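Undergrad: Let me give you the structure first, and then I'll get to my questions.
The values are calculated or read from the model by the stated rules, or taken from the named source; none is laboratory data. Just so you know, these numbers come straight off a predicted model, no measurement behind them. A quick note on method: Cβ atoms are made from the backbone with ideal geometry, for glycine too, and the neighbour counts reach across all protein chains shown. Areas reflect the complete protein model, heavy atoms only, side chains present, ligands, DNA and RNA absent. Shrake-Rupley method; radii C 1.70, N 1.55, O 1.52, S 1.80 Å.
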Amino acid sequence: MRRPRSFAIIPACGQSRRMGTDKLTLKWRDSTILQTVVRTWLASEIDHVCIVFTRARYDLQEMLADVNIDKALVPIAPADMKGTIQVGLDFLHANYRPTRSDRWLVAPADMPTLSATTINQVLRAAAEYPQSIVLPVRQGKHGHPVAIPWKLAAEVAGIPEDQGLNFLWQHHKPQEISVEELGQDANTPDELIKLRKSHNA
């Protein structure tokens, strides 16, 4: 019997309005925020990584040209992250035909402090609790990545328009696991400055 597979979806269609510029291409250590996030996923035990962005983002296509990940390109950015994730789910369904025993994980594309260690902790917990959504928790706070059984992928399209992906774990009791660190993102220039200082980036 084939072992369950794991699929990461990186939604990268955001507008970075509060940052005032595209934060995915901003510097993080010797790279960019997006390249750092992608490298982290590839350093983890995930089986497949799929990033979703618009066809007009030639800069991102060039930035990731030599990276062995799936790229789901859309003509127009979806209205929200939930819609972007749906594009990723549709792409994975068409190209990999996941089964109910497989998993999909999601974390924002603008989270350069996400660690492969945390991803692996979530993946191992997902293997231990195959029927449950797995939520990493640090000091009482939920974070990313979230691991979701593929059987729940079909429910994303039915999430109410005014609700986000967390609608799923509000209606399907999740398995919370304690992790040593949660990834952080930055939505404003000041937040990014603080994040860089705290991580020597």
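Undergrad: Report the relative contact order of the chain, percent, no decimals, based on alpha-carbon pairs under 8 angstrom and at least 6 residues apart. Don't skip to the end; give the middle numbers.
TA: Details: 341 pairs, mean separation 50.2, N = 201.
Over the chain, the number comes to 25 percent.
Undergrad: Scaled to the compact-protein estimate 2.2 N^0.38 Å, what is the alpha-carbon radius of gyration of the chain, rounded to two decimal places? Mind dumping the intermediate values first?
TA: Values: Rg = 16.1 Å, N = 201, 2.2 N^0.38 = 16.5 Å.
This ratio for the chain stands at 0.98.
Undergrad: Put +1 on the Cβ of every Lys and Arg and -1 on every Asp and Glu Cβ in segment 92-172; which of Ala116, Ile148, Ile159 then has its Cα farthest towards the positive end of the dipole?
TA: Projecting each Cα onto the dipole axis, the largest value belongs to Ala116.
Undergrad: Straight-line reach from Lys197: which aspartates and glutamates have Cα under 19 Å away, leaving out those fewer than 8 places along the same chain?
TA: Filter leaves Asp30, Asp110, Glu181, Asp185.
Undergrad: Here is a further query. Which value, in debye to the nearest 20, gives the size of the charge dipole of segment 61-105 about its Cα centre, when Lys and Arg are +1 and Asp and Glu are -1 at the Cβ? It would help to have the intermediate numbers written out before the result.
TA: Working: 5 positive and 6 negative charges, 56 e Å.
Computed about the Cα centre, the dipole is about 260 debye.
Undergrad: Turning to a different aspect of this structure: Please compute the per residue accessible area over segment 1-150 with all protein chains in place, 1.4 Å probe, rounded to a whole number of Å².
TA: Numbers: 7170 Å² over 150 residues.
Per-residue accessible area for segment 1-150 comes out at 48 Å².
Undergrad: Once you charge only the Cβ atoms, +1 for Lys and Arg and -1 for Asp and Glu, what is the size of the charge dipole of the chain about its Cα centre, to the nearest 20 debye? Don't skip to the end; give the middle numbers.
TA: Details: 24 positive and 22 negative charges, 45 e Å.
In total the dipole reaches around 220 debye.
Undergrad: When 1/r is averaged over all different Cα pairs and the result inverted, which Kirkwood radius in Å belongs to segment 106-201? Numbers along the way, then the final one.
TA: Details: mean 1/r = 0.0689 Å⁻¹.
For segment 106-201, inverting the mean 1/r across all distinct Cα pairs yields 14.5 Å.
Undergrad: For a quick check of understanding: with a 1.4 angstrom probe and all protein chains in place, what accessible area in square angstrom does Met111 have, to the nearest ten?
TA: 10 Å²
Undergrad: Holding the Cα-Cα limit at 28 Å, pick out from Lys71/Lys173; Lys173/Lys194; Lys23/Lys141; Lys141/Lys173; Lys27/Lys173; Lys27/Lys151 the pairs that are longer than that. Intermediate results must be reported in sequence, preceding the final value.
TA: Working: Lys71/Lys173 31 Å; Lys173/Lys194 35 Å; Lys23/Lys141 24 Å; Lys141/Lys173 16 Å; Lys27/Lys173 38 Å; Lys27/Lys151 37 Å.
Check vs 28 Å cut-off fails for Lys71/Lys173; Lys173/Lys194; Lys27/Lys173; Lys27/Lys151.
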